[in-house]
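Take a look at the structure set out below.
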Amino acid sequence: MTRHLLSAADLTRDDATLILDTADELARVSDRPVKKLPTLRGRTVVNLFFEDSTRTRISFEAAAKRLSADVINFSAKGSSVSKGESLKDTALTLEAMGADAVVIRHPASGAPHTLAHSGWIGGSIVNAGDGTHEHPTQALLDAFTMRRHLSSLDGRKVVIVGDVLHSRVARSNVLLLSTLGADVTLVAPPTLLPVGVEQWPCAYSYDLDASLEGADAVMMLRVQRERMDAAFFPSAREYSRRYGLDAERMERLPGEAIIMHPGPMNRGLEITAAVADSDRAVIVEQVTNGVSVRMAVLYLLLGGSDSALGGVE
Amino acid sequence: MSDSAPSTSYLIKGARVLGGDAIDMLLADGVVAALGADAARSAESDVETVDAAGLIALPGLVDLHTHLREPGREDAETVDSGSAAAAVGGFTAVHAMANTDPVADTAGVVEQVWHLGRRAGLCDVHPVGAVTVGLGGSQLAELGAMAESAARVRVFSDDGKCVSDAVLMRRALEYVKAFDGVVAQHAQEPRLTEAAQMNEGSVSAVLGLRGWPAVAEESVIARDVLLAGHVGSRLHVCHVSTAGSVEILRWAKGKGIDVTAEVTPHHLFLTDENVRSYDPRFKVNPPLRTQDDVDALREGLADGTIDAVATDHAPHSLEDKDCEWAAAAMGMTGLETAVGIVAAAMVDTGLLDWAGVADRMSRRPARIGRLAGQGRPIEVGEPANVTLIDSETRYTVDPKAMASRSRNTPYAGQDLSARPVATFLRGRLTASEGVVRR
């Protein structure tokens with residue numbers, strides 16, 4: 001394992017498999033009445049959030065606490081780019097407090113990379129979402145969820161639909177899922193695919209209906225209504241018609257196919273309520289798995305050895 | 001411009017003028033007083049002899065595009081510190097861009113910068129006047145007043161911002177004809193580059209940084225060359241960065257349109273691959289492009305489609321670069337590394353010889369800026385603006401050793417082989433061995 005988790009591209013197939021296998025073991029802790037392991041006792045994990053994301057923060061918080069780490073939540077929203085305390089000074093403060101790991105969410109792409117390579121801070125850096133760059137633990141929890149339902153990811157067809165251009169979830173998933181052997185197809189209107197996507201390790205299409213054929217998993221991305229003001233698409237209604245997942249489209253999917261969404265959902269825009277609440281949807285399960293996967297990441301980055309997991313068995 | 005007569009004469013022995021045969025030259029009374037065997041013969045007894053065996057002698061370099069930051073951001077650079085960096089870098093004249101605070105959009109501000117340059121006395125500082133009031137892009141600044149001021153402004157630019165309004169650009173191009181001025185356009189279509197962070201392409205797609213498409217530059221250049229042709233005006237294009245821009249310029253020159261263009265050393269040397277580090281020292285406007293663009297720019301400079309190398313020296317304080325990419329300022333320093341980078345990109349690759357470097361870094365930029373006493377050949381009777389370059393000793397770029405007040409060079413640790421070792425401004429030594437001489 002590397003010392004930091006900044007990008008899904010940092011992970012080899014073996015690394016990713018180790019994280020997922022470890023998460024499998026740790027998931028059993030969550031089924032016990034006492035959901036706690038002593039593994040990271042005395043270690044400090046800082047959740048450094050420069051942007052609101054209650055879901056991701058509490059997931060990391062639960063993960064760290066179940067491993068008995070001390071958790072500090074540092075909400076620094078708007079304090080960097082908007083001329084408050086600089087990222088550097090925040091980092092130096094955390095270093096002075098003795099953070100062993102810093103989980104960072106930041107609106108600027110590359111901020112976790114800068115933190116990891118600046119020399120400002122010595123601990124492990126975990127990217128919890130940076131701008132429109134990456135969100136590697138989301139990809140890991142998605143892969144974990146798929147693996148549970150589809151057993152192996154090798155040769156599985158995964159369709160990711162929506163605002164790929166602005167999506168850190170899509171970037172990390174393309175990298176991780178391709179590493180794990182899945183065939184990924186991105187589906188979006190041409191305006192919401194980045195220039196250069198043709199060099200990504202995946203296929204892409206503008207046609208949702210054609211792409212759903214033979215899919216093993218369909219991942220719907222959140223689409224912000226504001227995007228239509230910048231002419232990425234003409235209207236929410238047209239977007240839903242062409243790229244939304246409704247019951248009719250769902251019916252055409254193969255019987256075992258699962259439906260995913262990283263949340264928060266725009267019901268009625270990229271996904272209808274009927275689909276989101278159907279038993280094909282594994283969206284709530286993704287949230288549960290997020291804790292196990294983040295436990296595994298913290299555990300492995302902070303130097304846990306396999307034998308320390310003995311207590312889980 | 002007149003300086004007090006220099007007290008020292010220099011006998012420079014064995015320099016290779018434009019990379020040719022070794023020759024002696026005598027610099028006295030501000031001019032090249034003698035060349036060849038005459039030089040030693042004519043030297044007074046108190047002449048200072050410079051052993052220039054193996055060194056290349058070029059006419060003093062002229063930069064069309066420098067940010068000296070004064071007035072307003074004296075923490076990053078001053079006219080004095082920027083002049084020192086210029087002298088160390090082999091320059092004898094620089095054009096100081098107008099995006100200061102206050103903006104150089106009146107006779108008062110350009111005269112202030114001009115006076116500060118005279119006081120520093122390390123190179124000729126020629127202020128660039130803003131095209132529009134406050135770089136606002138809506139109302140012409142008093143171009144005539146700046147032209148007639150003591151600073152005698154001939155180059156006008158809103159650099160940092162594009163004169164994107166087609167009518168305003170047309171009027172500016174026409175208006176400056178009255179005093180033989182030139183509009184230097186920063187070609188960047190603003191709507192296509194809102195919040196843009198780096199070149200749009202395969203690297204920006206992976207890094208999740210907002211793309212800055214080549215077409216945003218090329219479409220403005222295409223419009224401007226057509227406008228310049230239509231009204232019969234002179235146009236200069238700042239920091240050309242894409243292969244498409246080179247093609248448009250080549251076409252325009254072929255049509256006889258009076259357009260000139262510059263390229264920066266960094267666009268000849270670095271690519272958007274450098275941005276994978278998210279290191280803000282590589283954040284610059286226009287952004288670093290692809291290797292294909294670099295190759296086309298080198299070719300364009302070699303065949304003369306691009307007339308000049310200009311540094312776009314853009315000093316920034318440490319705090320404006322010691323941060324995450326999105327929060328960082330755009331720009332990199334360039335005066336002190338220009339010769340080394342141009343040599344690596346153009347001379348070592350066989351694309352230009354030293355005579356070609358002199359043409360692109362001295363003669364042509366001086367002509368574009370209408371600087372009578374700069375960019376002249378090294379001949380008897382010409383102003384003694386001379387730069388001596390060591391092209392053989394390898395060295396490593398050390399930001400801490402620089403004369404600029406700022407340290408935001410992208411070349412820290414880079415090994416280079418060419419470096420200016422002495423600069424003479426009208427016969428006066430302004431820098432030697434990387435140290436400014438006052």
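Return the residue satisfying two criteria in turn: it lies in the range B:116-169 and is touching a Lys or Arg at 6+ places or on another chain (Cβ under 9 Å) and among the hydroxyl-bearing types (Ser, Thr, Tyr), and of such residues it is farthest from B:His230 (Cα to Cα).
Selected residue: B:Thr132.
From B:Glu194, B:Glu247, B:Glu200, B:Glu217, grab the single residue that is within 14 Å of another protein chain (Cβ to nearest Cβ), of a type in the set (Asp, Glu) and either closer than 25 Å to B:Ala296 by Cα or in contact with a Leu (Cβ under 8 Å, 6 or more places away or on another chain) (or both).
B:Glu200
Just for the range B:304-322: of the residues that are closer than 20 Å to B:Ala196 by Cα and crowded, with 22+ Cβ neighbours inside 10 Å, which one is farthest from the other protein chains (Cβ to nearest Cβ)?
The residue in question is B:Asp312.
Scan the range A:156-168 residue by residue and report those that are more than 10 Å from every other protein chain (Cβ to nearest Cβ) and surrounded by 24 or more Cβ atoms within 10 Å (Cβ to Cβ). I'd like the intermediate steps shown before the answer.
If we filter the range A:156-168 for residues that are more than 10 Å from every other protein chain (Cβ to nearest Cβ), which is where we start, we get A:156-163.
Across the range A:156-168, the qualifying residues are A:Val158, A:Val159, A:Ile160, A:Val161, A:Gly162, A:Asp163.
Give the residue that is farthest from the other protein chains (Cβ to nearest Cβ), with candidates limited to residues of the range A:94-108 that are more than 17 Å from the chain's Cα centre (by Cα) and buried (at least 17 other Cβ atoms within 10 Å of the Cβ).
Across the range A:94-108, the extreme among qualifying residues is A:Asp100.
Being in a loop (DSSP other than H, G, I, E, B) and closer than 27 Å to B:Ala384 by Cα: is that true of B:Asp101 here? Spell out how you get there, then give the answer.
Working: in a loop (DSSP other than H, G, I, E, B): yes; closer than 27 Å to B:Ala384 by Cα: no.
No; evaluated as a whole, the condition is false for this residue.
Quick check: anything in the range A:191-199 buried (at least 21 other Cβ atoms within 10 Å of the Cβ), closer than 22 Å to A:Asn266 by Cβ and among the β-branched types (Val, Ile, Thr)?
no
Mind listing just one residue for me: the one in the range A:72-87 that is in a loop (DSSP other than H, G, I, E, B) and in contact with a strand residue (DSSP E or B) (Cβ under 8 Å, 6 or more places away or on another chain) and, of those, modelled with the lowest pLDDT? Walk me through it before giving the result.
Initial filter on the range A:72-87 (in a loop (DSSP other than H, G, I, E, B)): A:76-86.
Subset that is in contact with a strand residue (DSSP E or B) (Cβ under 8 Å, 6 or more places away or on another chain): A:76-77, A:80.
On the way: A:Ala76: 79, A:Lys77: 70, A:Ser80: 48.
In this case the residue turns out to be A:Ser80.
Rundown of residues vs (1) within 14 Å of chain A (Cβ to nearest Cβ); (2) in contact with a strand residue (DSSP E or B) (Cβ under 9 Å, 6 or more places away or on another chain); (3) among the aromatic types (Phe, Trp, Tyr), yes/no style:
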residue: B:Ala302; (1), (2), (3): no, no, no
residue: B:Trp325; (1), (2), (3): yes, yes, yes
residue: B:Gly340; (1), (2), (3): no, yes, no
residue: B:Gly350; (1), (2), (3): no, no, no
residue: B:Trp354; (1), (2), (3): no, yes, yes
residue: B:Gly369; (1), (2), (3): no, yes, no
residue: B:Ile378; (1), (2), (3): no, yes, no
residue: B:Leu388; (1), (2), (3): no, yes, no
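Strands (runs of 3 or more DSSP E) wholly in the range B:5-87 with at least 2 residues that are in contact (Cβ under 8 Å) with a residue 60 or more places away in the chain - which ones?
Values: elements: B:10-17, B:22-28, B:31-35, B:48-51, B:56-59, B:61-66.
Output list reads B:10-17, B:22-28, B:31-35, B:56-59, B:61-66.
Looking only at residues that are polar (S, T, N, Q) and in a loop (DSSP other than H, G, I, E, B) in the range B:255-294, which one is farthest from the other protein chains (Cβ to nearest Cβ)?
Of the range B:255-294, the ones polar (S, T, N, Q) are B:260, B:264, B:271, B:274, B:277, B:285, B:290-291.
Now restrict to residues that are in a loop (DSSP other than H, G, I, E, B): B:264, B:271, B:285, B:290.
Values: B:Thr264: 23, B:Thr271: 14, B:Asn285: 17, B:Thr290: 11 Å.
Filtering first and then ranking leaves B:Thr264.
Enumerate the helices (runs of 4 or more DSSP H) found wholly within the range B:142-237, keeping only those where 3 or more residues are over 18 Å from B:Ala98 (Cβ atoms) and at pLDDT 95 or above.
Details: elements: B:143-148, B:166-175, B:202-207, B:214-231.
Of the helices (runs of 4 or more DSSP H) lying wholly inside the range B:142-237, those with at least 3 residues that are over 18 Å from B:Ala98 (Cβ atoms) and at pLDDT 95 or above span B:166-175, B:202-207, B:214-231.
Answer with yes or no whether A:Leu48 is more than 14 Å from chain B (Cβ to nearest Cβ) and touching a residue at least 40 places away in the same chain (Cβ under 8 Å).
For A:Leu48, the condition - more than 14 Å from chain B (Cβ to nearest Cβ) and touching a residue at least 40 places away in the same chain (Cβ under 8 Å) - is not met.
Quick one: in the range A:186-207, of everything that is more than 13 Å from chain B (Cβ to nearest Cβ) and not small (Gly, Ala, Ser), which residue is nearest to A:Val161 (Cα to Cα)?
Going through the qualifying residues, I end up with A:Val187.
Can you pull out every residue in the range A:1-17 that is of a type in the set (A, V, I, L, M), over 13 Å from A:Arg294 (Cα atoms) and out of contact with any His (no Cβ under 6 Å at 6 or more places or on another chain)? Step through it out loud before you land on a result.
Looking only at the range A:1-17, we keep the residues that are of a type in the set (A, V, I, L, M), and these are A:1, A:5-6, A:8-9, A:11, A:16.
Still in the list and also over 13 Å from A:Arg294 (Cα atoms): A:1, A:6, A:8-9, A:11.
If the condition is that a residue be of a type in the set (A, V, I, L, M), over 13 Å from A:Arg294 (Cα atoms) and out of contact with any His (no Cβ under 6 Å at 6 or more places or on another chain), then A:Met1, A:Ala8, A:Ala9, A:Leu11 are the ones that fit.
The values are calculated or read from the model by the stated rules, or taken from the named source; none is laboratory data. Keep in mind that this is a model prediction, so the values were computed, not measured. Backbone-built Cβ (ideal geometry, glycine too); neighbour counts: all protein chains shown.
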